[in-house]
1. Using beta carbons and a limit of 7 Å, which pairs, at least six apart or on different chains, have the first residue in region 48-73 and free of Cβ contacts under 8 Å to residues at least 24 places away in the same chain and the second one among the charged types (D, E, K, R)?
2. Could you check region 87-99 and list, in sequence order, the residues that are surrounded by 17 or more Cβ atoms within 10 Å (Cβ to Cβ), more than 22 Å from residue 153 (Cα to Cα) and not β-branched (Val, Ile, Thr)?
3. Only one of these is surrounded by 15 or more Cβ atoms within 10 Å (Cβ to Cβ) and under 30 Å from residue 78 (Cα atoms): 103, 118. Name it.
4. Would you kindly identify the helices (runs of 4 or more DSSP H) lying entirely within region 40-156 that contain at least 3 residues that are at pLDDT 90 or above, more than 22 Å from residue 24 (Cα to Cα) and not assigned by TED's automatic domain parsing to the domain that holds residue 29?
Amino acid sequence: MIRIENERHSATPKASNPKMTTASLEDALAQCQKQGMRLSRQRRSILELLWRCEEHLSAREIYDRLNQEGKDIGHTSVYQNLEALSSHGIIECVERCEGRLYGHISEAHSHINCVDSGKIIDIYVELPEDLIQEIEDRTGIEITDYRINFYGRQKSLSE
């Protein structure tokens, strides 16, 4: 099964097993509390912004957007909160040469990185069970999650 979603910024993609369920904003807030993370006003504002946005954002973009909304939050607070949230698996962190991008985890997905345009396109891929079984049989390891990195170029419109 393959499903393609909206485009995203340039980055080195990470992806997840589409069978894994991921959180809504309310689930993310509950997960913070469950993991003993304080739900400060700044942390809540960052999570709310990421769940409103369809694209991945840099720390600077998050800082700028929150301040444009009248939220009083400093650069250091943004960076520290993003690091804490991503290290606890509450938000997605996408590595790229120019820095990191952050986004909400609405549903586990893979990314296609277009090397021509620099865009990231969300794609939902489910590997066939027989392929997963073959990998497990060859390695002796049970697959519980997988990450697929796709890289490509724009197809010519004349093709």
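The values are calculated or read from the model by the stated rules, or taken from the named source; none is laboratory data. The structure presented is a predicted model; accordingly, all values stated were derived computationally and were not measured. In this analysis, Cβ positions are derived from the backbone assuming ideal geometry, glycine residues included, and neighbour counts consider all displayed protein chains.
1. Matching pairs, first to second residue: 49/65.
2. Scanning region 87-99 gives 92, 93.
3. 103
4. 129-139
Matching residues to (1) under 17 Å from residue 147 (Cα atoms); (2) acidic (Asp, Glu):
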{"position": "58", "(1), (2)": "no, no"}
{"position": "61", "(1), (2)": "no, yes"}
{"position": "71", "(1), (2)": "no, no"}
{"position": "74", "(1), (2)": "no, no"}
{"position": "88", "(1), (2)": "no, no"}
{"position": "92", "(1), (2)": "yes, yes"}
{"position": "105", "(1), (2)": "yes, no"}
